[in-house]
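Novice: One structure, pasted below without further comment.
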Amino acid sequence: MGVRALSGRTGTTLLMNLLGTSPEIAFDRRYPAEYRVASYLARTATGMTEPFDDQRHQGVTDFFFGGEPSWGPMPFTSDALDVIAWRPHLLAAMWASASDVMLAGRPEARWYAEKLAVDEAVLRGAGIEVLRIDLVRDPRDVLASRRAFRVGGTEHWALDARAVAQELQARADALDADPGEIRLRYEDLAGDPAGTARTLAARLGVTLDPAGIDRPAHHVTTPTVVASIGRWRTDLTPAEAQALEPLASRLGYT
């Protein structure tokens, strides 16, 4: 299954921690649950099957007989192999072998989960079954949480209310245009983890233990999960809240 979110600070790590309480769901439990096997293989298959360009890629002589070969596509244009047509077959084969190895170590696993870093259409095009969970949150709280969570890797985040509104509007459009099988609100996940666990467990056919959720101290920005809901009322100015209100209303927040 794949998790896609409205943006960063939407609760993907909390959701992955809940999914991680099931022995029937395989993925790397290490914080911040961003070790993406399926996305890596999809990117690798795409890179390996990029059409060869002698102006940008290492050529056949250098690749086979020169120094260290560089990662990338085959170092020549093949008349025998259509690399674009090969791409989904390559991805399917890599995923099948990765699945076999994961199942050898975790034979009880029924699902593999990750925060998707690629369009799942690439995976589905290779015949890989994907169930996508779309995670949304009040965009006003997204901005408040972004401002409070300033660590490495977040430098690209927009922190101006109008810029965030524009960014998240585009993300909401994309989620609405291609909805996942499950849409989950951060507020339900954080406010009622037991109820969310029951809903997801029934849908996935697994056992989940909300009592086993771990909240890494360096990831959270409020003393409790519940305190993270509605924080915009004190953290944002009235003008900032107003700039994000139309999108919040569209997503069902008042």
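Novice: If each of SER78 and ARG110 carries a label point 7 Å out from its Cα toward its Cβ, how far apart are those two points in nm?
Specialist: With each label placed 7 Å out from Cα toward Cβ, I get 3.9 nm.
Novice: Picking from VAL122, TRP95, THR10, whose Cα lies most toward the positive end of the charge dipole for the chain (charges on Cβ: Lys, Arg +1; Asp, Glu -1)?
Specialist: The one lying farthest along the dipole's positive direction is THR10.
Novice: Based on alpha-carbon positions alone, could you give the equivalent ellipsoid semi-axes of the range 1-89 from the gyration tensor, as √(5λ), descending, whole Å?
Specialist: 37, 14, 12
Novice: Expressed as an acute angle from 0 to 90° and rounded to the nearest 10, what is the orientation of the C-alpha long axis of helix 83-105 relative to the principal long axis of the chain?
Specialist: Helix 83-105 sits roughly 70 degrees off the main axis of the chain.
Novice: Could you give me the ³J(HN,Hα) list for the range 186-200, computed from phi with Karplus coefficients 6.51, -1.76, 1.60 and θ = phi - 60°, whole Hz, x at Gly and Pro?
Specialist: 4, 4, 6, 4, 6, x, 9, x, 5, x, 5, 4, 5, 5, 5
Novice: If you don't mind, there's one more thing I want to ask. Under the rule a/c < 1.5 gives rounded, and otherwise a/b versus b/c splits prolate from oblate, where does the range 39-89 land using the Cα gyration tensor?
Specialist: Oblate.
Novice: Indicate the gyration tensor shape class of the range 34-139 (rounded, prolate or oblate), computed on the Cα atoms with a ≥ b ≥ c the square roots of the eigenvalues: a/c under 1.5 is rounded; otherwise a/b larger than b/c is prolate and the rest oblate.
Specialist: prolate
Novice: Would you calculate the separation in nanometres between label points at THR224 and ARG124, each defined as 7 Å from the Cα along the Cα-to-beta-carbon direction?
Specialist: It works out to 4.0 nm between the two label points.
Novice: Please list, in order along the range 28-43, the HN-Hα scalar couplings obtained from phi with the Karplus expression 6.51 cos²θ - 1.76 cosθ + 1.60 (θ = phi - 60°), rounded to whole Hz, x for Gly and Pro.
Specialist: Result, ordered by residue: 6, 7, 5, 4, x, 6, 10, 8, 9, 5, 5, 5, 4, 5, 5, 5 Hz.
Novice: Grab the DSSP H runs of the chain that are 4 residues or longer, score each as -39,500 (n - 2.57), total them, divide by all residues and round the 222 nm result to the nearest 500 deg cm²/dmol.
Specialist: Value at 222 nm, helices only, nearest 500: -14000 deg cm²/dmol.
Novice: Between 0 and 90 degrees, rounded to the nearest ten: what's the tilt of helix 238-250 against the longest Cα principal axis of the chain?
Specialist: With rounding to tens, the tilt is 60 degrees.
Novice: Treating only the Cα positions of the range 132-254 as identical point scatterers, give the base-10 log of I(q)/I(0) from the Debye formula at each q in 0.22 Å⁻¹.
Specialist: Values returned for q = 0.22 Å⁻¹ are -1.40.
Novice: Using a simple charge model, +1 on the beta-carbon of Lys and Arg, -1 on the beta-carbon of Asp and Glu, nothing else, what dipole does the chain show about its Cα centre, in debye to the nearest 20?
Specialist: Computed about the Cα centre, the dipole is about 900 debye.
Novice: Something else about it: Among the chymotrypsin sites (Phe, Trp or Tyr not before Pro) in the range 17-99, which ones are in a DSSP loop with at most 12 other Cβ atoms within 10 Å of the Cβ? Mind listing them?
Specialist: Sparse-neighbourhood loop chymotrypsin sites (Phe, Trp or Tyr not before Pro): TRP71.
Novice: Compare ALA80, ALA38, ALA197 in a GNM of the chain, Cα atoms joined below 10 Å, and give the one with the largest fluctuation.
Specialist: Its mean-square fluctuation being the largest, the pick is ALA80.
Novice: Under 5 Å between amide hydrogens, which residues at least 5 positions from VAL3 or on another chain qualify, with H placed 1.01 Å from N in the peptide plane?
Specialist: When sequence neighbours closer than 5 places are left aside, the close amide H contacts are GLU114, LYS115, LEU116, ILE133.
Novice: If amide H atoms are built 1.01 Å from N in the plane of the peptide, which residues on other chains or at least 5 residues away come under 5 Å of the amide H of LEU184?
Specialist: Here the answer is ASP134, LEU135, VAL136, since their amide H atoms fall under 5 Å of that of LEU184.
Novice: Would you mind computing Rg(Cα) / (2.2 N^0.38 Å) for the range 198-254, counting N as its residues?
Specialist: It is 1.58.
Novice: Under 1.5 on a/c is rounded, so check that first for the range 82-144, then, if it is not, pick prolate when a/b is larger than b/c and oblate when it is not; a ≥ b ≥ c are the square roots of the alpha carbon gyration tensor eigenvalues.
Specialist: Oblate.
Novice: Kindly state, to the nearest 0.05, the FRET efficiency for TRP86 paired with ARG183, given R0 = 35 Å and r defined as their beta-carbon distance.
Specialist: 0.50
Novice: Any idea how far apart ARG215 and ASP192 come out in nm if each label point goes 7 Å out from Cα toward Cβ?
Specialist: Rounded to a tenth, the inter-label distance reads 1.9 nm.
Novice: Based on the Cα atoms of the chain, what semi-axes does the equivalent ellipsoid have, where each is the square root of 5 times one gyration tensor eigenvalue, given in whole Å with the largest first?
Specialist: They are 37, 24, 16 Å, listed from largest to smallest.
Novice: From the phi of every residue in the range 57-68, what ³J(HN,Hα) in whole Hz does the Karplus formula 6.51 cos²θ - 1.76 cosθ + 1.60 yield, where θ is phi - 60° and glycine or proline is x?
Specialist: 10, 5, x, 4, 5, 5, 5, 8, 10, x, x, 5
Read the figures in this text as sums done on the coordinates, not as results from a lab. Only a predicted model underlies this, so the values are computations on that prediction, with no experimental measurement involved. Note that we place each Cβ from the backbone using ideal geometry, even for glycine, and neighbour counts take in every protein chain shown.
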